[in-house]
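Participant: Before I ask anything, here is the structure I am working with.
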Amino acid sequence: MKVVQTRDDFARVRAGLAAPIGLVPTMGALHAGHRALLDAARAECATVVTTNFVNPLQFGPSEDLARYPRTLDADLALCADAGVDVVWAPSVTDVYPTGGGSSITVSPGPLGDILEGTVRPGHFAGVLTVVAKFFNLVRPDRGYFGEKDYQQLAVIRRMVDELDMGLSVVGVPTVREDDGLALSSRNRYLSDGERAQAVALSRALFTGAAASAAGAKAVLAAATAQLAAAPGIAVDYLELRGADLGETPEHGPARLLIAARLGSTRLIDNVPVEL
């Protein structure tokens, strides 16, 4: 496994990589959910590249950029075990040569204004800008992203399609703890009490999905009732939308999504629903 940091070093390594190339962009603090992305890429690609970069452009001024976990040594061990070929861990100035951001960003359009976009304005412009930069610099054949960040996956797919980027975007199902909690790098912020409460998010989602035969209103009612029985959780949103995050269909595939805060930690999750 090669580990590189600068643009120039990566460019030299990139010249010798065999296709197809699978890219797994990450912000580090890797866990079993990231391992599932790496395993999916390893199963389908001759070369697996992962980026390890905490992107300042997708954090708002009051968000957790400074305390976001940085665990590069452990991340490299996980990548080596997964059979990754190249880990690119650039500095901020390697990604943004003019400073801590970019004067030109990629707009997510209306899809970036709903759900997470209402709570984190500018977040998806930051996500799309850094992902577009990595797509341009790595030039992968496939990019792998987790369904846990479902809206992120949707806006990346839309960007690739509408800007004719010429690669496949592969969504990988959410990996969960035994009790159902979706794996997240932010789970480590939870106190023991908050961790015990956090399972209410996935329980609400699965309870809602189980009511799908009775229609969309029943899904939301069941999920809401489950959450009401869980104190200490501040819900930002609980919404049922189409699989493309458009209007909720009367029949067919949909997505039930939640964002909530436990203390100072904000978690998101979602599940597929068949109406």
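Participant: For Ile114, only one of the following conditions fails: (1) assigned to a helix (DSSP H, G or I); (2) within 13 Å of Arg158 (Cβ to Cβ); (3) not small (Gly, Ala, Ser). What is its number?
Facilitator: (1)
Participant: Here's another thing I want to ask about it. Going by the conditions given, is Leu38 in contact with a strand residue (DSSP E or B) (Cβ under 9 Å, 6 or more places away or on another chain) and outside any helix (DSSP H, G or I)? Lay out the reasoning, then the answer.
Facilitator: Numbers: in contact with a strand residue (DSSP E or B) (Cβ under 9 Å, 6 or more places away or on another chain): yes; outside any helix (DSSP H, G or I): no.
Taking the combined requirement at face value, the residue does not satisfy it.
Participant: Hey, another quick one. Would you confirm, using the coordinates I've provided, whether Arg188 is surrounded by fewer than 19 Cβ atoms within 10 Å (Cβ to Cβ), assigned to a helix (DSSP H, G or I) and under 14 Å from the mean Cα position of the chain (by Cα)?
Facilitator: No, not satisfied.
Participant: Six or more apart or on different chains, Cβ atoms under 7 Å: show the pairs whose first residue is in segment 133-162 and among the small types (Gly, Ala, Ser) and whose second is modelled with pLDDT of 95 or more and part of a helix (DSSP H, G or I).
Facilitator: Matching pairs, first to second residue: Gly143/Phe135; Gly146/Gly33; Gly146/Leu37; Ala154/Leu111.
Participant: When both residues are 6+ apart or on different chains and their Cβ atoms are under 8 Å apart, which pairs have a first residue that lies in segment 198-220 and is β-branched (Val, Ile, Thr), and a second that is surrounded by fewer than 24 Cβ atoms within 10 Å (Cβ to Cβ) and part of a helix (DSSP H, G or I)?
Facilitator: Thr207/Ala222; Thr207/Ala225; Thr207/Gln226; Val219/Ala209; Val219/Ser212
Participant: Does segment 10-65 hold any residues that are touching a Phe, Trp or Tyr at 6+ places or on another chain (Cβ under 6 Å) and among the β-branched types (Val, Ile, Thr), and which are they?
Facilitator: Residues satisfying the conditions are Val24, Thr51, Val54.
Participant: So which of Ala154, Ala204 ends up being assigned by TED's automatic domain parsing to the domain that holds His123, farther than 19 Å from Asp39 by Cα and touching a Leu at 6+ places or on another chain (Cβ under 8 Å)?
Facilitator: Answer to the check: Ala154.
Participant: Checking the structure you have, find out if any residue of segment 161-172 is assigned by TED's automatic domain parsing to the domain that holds Tyr68 and assigned to a helix (DSSP H, G or I).
Facilitator: There is at least one residue in segment 161-172 that is assigned by TED's automatic domain parsing to the domain that holds Tyr68 and assigned to a helix (DSSP H, G or I).
Participant: Restricting the search to segment 58-96, which residues are assigned to a helix (DSSP H, G or I), charged (D, E, K, R) and farther than 20 Å from Cys45 by Cβ?
Facilitator: Once the filter is applied, which keeps residues that are assigned to a helix (DSSP H, G or I), charged (D, E, K, R) and farther than 20 Å from Cys45 by Cβ, segment 58-96 yields Asp73, Asp94.
Participant: While we're here: Identify, please: which residue in segment 48-65 is buried (at least 22 other Cβ atoms within 10 Å of the Cβ) and hydroxyl-bearing (Ser, Thr, Tyr) and is, among those, nearest to Thr98 (Cα to Cα)?
Facilitator: Thr51
Participant: Quick check on Pro69: is it modelled with pLDDT under 95 and within 25 Å of Tyr150 (Cα to Cα)?
Facilitator: So Pro69 fits the description; yes.
Participant: Also, I was wondering about something else. Looking at segment 185-210, which of its residues are of a type in the set (A, V, I, L, M, F, W, C) and either touching a strand residue (DSSP E or B) at 6+ places or on another chain (Cβ under 8 Å) or within 26 Å of Thr248 (Cα to Cα) (or both)?
Facilitator: Of everything in segment 185-210, those that are of a type in the set (A, V, I, L, M, F, W, C) and either touching a strand residue (DSSP E or B) at 6+ places or on another chain (Cβ under 8 Å) or within 26 Å of Thr248 (Cα to Cα) (or both) turn out to be Leu190, Ala198, Val199, Ala200, Leu201, Ala204, Leu205, Phe206, Ala209, Ala210.
Participant: How about segment 57-79: which of its residues are basic (Lys, Arg) and under 17 Å from Gly33 (Cα atoms)? Write out each step before concluding.
Facilitator: Just the residues of segment 57-79 that are basic (Lys, Arg), to begin with: 67, 70.
The answer is Arg70, and nothing else.
Participant: Count, please, the residues in segment 44-85 that happen to be under 19 Å from Leu267 (Cβ atoms) and of a type in the set (Asp, Glu).
Facilitator: The number of residues fulfilling the criteria is 2.
Participant: Residues to consider are Ala243, Ala259; find the one that is under 29 Å from Arg158 (Cβ atoms) and touching a Pro at 6+ places or on another chain (Cβ under 8 Å).
Facilitator: Ala243
Participant: If we only count strands (runs of 3 or more DSSP E) wholly inside segment 202-275, which ones have 1 or more residues that are exposed (fewer than 14 other Cβ atoms within 10 Å of the Cβ) and acidic (Asp, Glu)?
Facilitator: Per the criteria, 265-274.
The values are calculated or read from the model by the stated rules, or taken from the named source; none is laboratory data. Computed from a predicted structure; not experimentally measured. Using ideal geometry, Cβ is built from the backbone for each residue, glycine included, and neighbour counts are taken over all protein chains shown.
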